[in-house]
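Heads up: the structure comes next, in structure tokens.
The values are calculated or read from the model by the stated rules, or taken from the named source; none is laboratory data. Because the structure is a prediction, the values reported are computed rather than measured. Reconstructed Cβ throughout: ideal geometry from the backbone, glycine too, with neighbour counts over all protein chains shown. For accessibility, only protein heavy atoms count, side chains too; no ligands or nucleic acids. Shrake-Rupley method; radii C 1.70, N 1.55, O 1.52, S 1.80 Å.
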Amino acid sequence: MAKSNKKCCGFVVVVSLGLLIFGAIVAAFFTSWVDLFIEGEIVLKNGSQTFDWWRKPPVHPVMRVYIYNVTNADAFLNNAEKPILNELGPYVYVETWEKVAVAFNDNGTVSFQQKKVFKFDAEQSVGDIEDMVVVPNIPMLSATSQSKHAARFLRLAMASIMDILKIKPFVEVSVGQLLWGYEDPLLKLAKDVVPKEQKLPYEEFGLMYGKNGTAKEVVTIFTGASDITRYGLIDRFDGKSALPHWKTDECNRINGSDGSIFPPHITKNTTLYVYDKDMCRLLPLRYLRDVVTNGGVNGYRFTPPENVFAEPAINPENDCFCPTGPPCAPHGLMNVSFCQYDSPIMLSFPHFYLADPKLRDAVIGVDAPDPEKHRLYIDVHPKMGTALGARARVQINLAVSQVVDIKQVATFPDIVFPIMWFEDGIDGLPEEVTGLLALAQNVPPVARSALMYGLFILGGLLLILAVGCLVRSSGRQETLNLEGTQHYAKPNEKNGKNHSNGKSLETRTNPAFEQ
């Protein structure tokens, strides 16, 4: 019976030690197990919820457009005063996004075309798309800037053509035309006289021309199936794996995100990269602060570093974005003419945020920038890499050069003229998505703690019981041994033996012996 109890206690000791060891394993590896599970769930694959949300996002991004209306065009052209601008808007468009022509590839990538439909929302807008605005004539000023280094007779011919067509440096168009396109005389002329291989890929001019609908470019991104660290990153854009514009391979990279999903397990030291074809480069994003979005989901806010568009003297890494300079783009501007058909377009943040103050001082009517209103940012879920909210805020500017031989712009000073700025993004995700993200955020730490402490407590209690059991079992064994010794001595007494002095009882009680 004692041996049976001892075996039972030993078994309990083994079980308790097993629970304690498993508790230690849970403490060390539970987070890794959860990460592996998350990685398996977010991989883009047919039939998964993640794939459905990625293909047709359950959100409606909103684009707000602000136009800089020129109120003194004639006085400015007469070199009498600075341009006076009146910021109009916002003109609000609600968007619907969908990825079409989706095809999975054998190398762990998926290809698609991005479809975006913009619908004007009059209720949220301040003004109507039929509002008339006066803005620089971008096609004309682009042509004159490009002709600056051409032969003189070509510039004189261009001036004559502009006279005949009555083309002026400023145009009055509706907001809708400025955004989505209007027929421009120069573009119409180019369509008829320029060789086919040199023609522009559009027949009208508009700042958002061709963006309402399905984009022609085919984008290929990594699904995460073969390498989760490349999840959501671009492999090829319109068949190209790199840009041709810049000085170095590093600056020609395009393997960033489109801004909707990022590789998981993001930390505050991570640098995110977003690629947009209109910006002609990867835009780096770095941690700014913690945020709590709708649904109580914790996230990290990432924003471009303050020197992202700095001149090379301040940020030497930007020297590669100045292939024909110096001079390079002014501080705070990104020259995107190389991917905008040589049109002297300069991008900046709204109100020249983070740019040289002289750019804003050259015009009247552009208020001082406010980081909360004009900063670009993306909020991401650090575990899953999902974008929780975003504000893509960009200003479109035109770098105008004076060309003496073209009388229409002979008095036009060298100036960076702000045309418009917009913010495009989402405030938050629907409850069905935030609920899942909150679950992924809150449940694993609680489950880890509950399982770990539960195993430690149960293992500890069982170990205490087992030790007590062994102690009691040892006590019983000692008692049994003592009792066995006593029973062994009694038969000797019956035989007349006295173990105290070694003499027989007979000897001690014999009178003859005593005498």
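For the pair residue 107 and residue 164 in one chain, pulling the backbone fully straight at 0.36 nm per residue adds 14.8 nm over the alpha carbon distance. Derived scalar couplings between HN and Hα for region 407-420 equal 4, 5, 10, 5, 9, 6, x, 5, 8, 9, 9, x, 9, 6 Hz in order, rounded to whole Hz, by the Karplus curve 6.51 cos²θ - 1.76 cosθ + 1.60 (θ = phi - 60°), x for Gly and Pro.
Return the carbon/sulfur percentage of the accessible area of region 285-365, one whole number, probe 1.4 Å, all protein chains in place. Within region 285-365, the accessible surface is 51 percent carbon and sulfur.
Computed 3J(HN,Hα) for region 249-255, one whole-Hz value per residue from the Karplus formula 6.51 cos²θ - 1.76 cosθ + 1.60 where θ = phi - 60°, is 5, 4, 6, 8, 5, 10, 7, glycine and proline marked x.
Across 235, 184, the residue with the most accessible area heads the list, and the full order at a 1.4 Å probe is 235, 184. Of the peptides 330-336, 254-260, the order by per-residue mean of other Cβ atoms within 10 Å, starting with the highest, comes out as 330-336, 254-260. Near residue 288, the amide H atoms lying under 5 Å from its own belong to 301, 302, 303; only residues 5 or more places off or on other chains count, and H is placed 1.01 Å from N. Within the same chain, aspartates and glutamates fewer than 8 places from residue 115 are excluded, and of the rest, those with a Cα less than 14 Å from its Cα are 95, 98, 217, 258. Relative contact order for region 59-429 using alpha-carbon pairs under 8 Å, separation at least 6, rounded to a whole percent? Relative contact order comes out at 17 percent. Of the cross-linked pairs 211/240; 216/383; 56/216; 45/211; 277/407; 216/277, those separated by over 23 Å at the C-alpha level are 216/383; 45/211; 277/407. Averaging the sequence gap over all C-alpha pairs within less than 8 Å and six or more residues apart, then dividing by the number of residues, gives region 213-320 a relative contact order of 16 percent. Legend: calculated FRET efficiency, residue 427 to residue 226, from the Cβ-Cβ distance at R0 = 51 Å, rounded to 0.05, equals 0.90.
Nonpolar atom fraction for region 132-266, defined as the carbon and sulfur part of the 1.4 Å probe accessible area, stands at 54 percent. The Cα trace of region 59-429 gives Rg and Dmax of 21.2, 67 Å, the first to one decimal, the second as a whole number. Solvent-accessible surface of region 59-429, averaged per residue with a 1.4 angstrom probe and all protein chains in place: 46 square angstrom. Annotation: residue 84 carries an accessible surface of approximately 60 Å², with a 1.4 Å probe and no ligand, DNA or RNA atoms counted.
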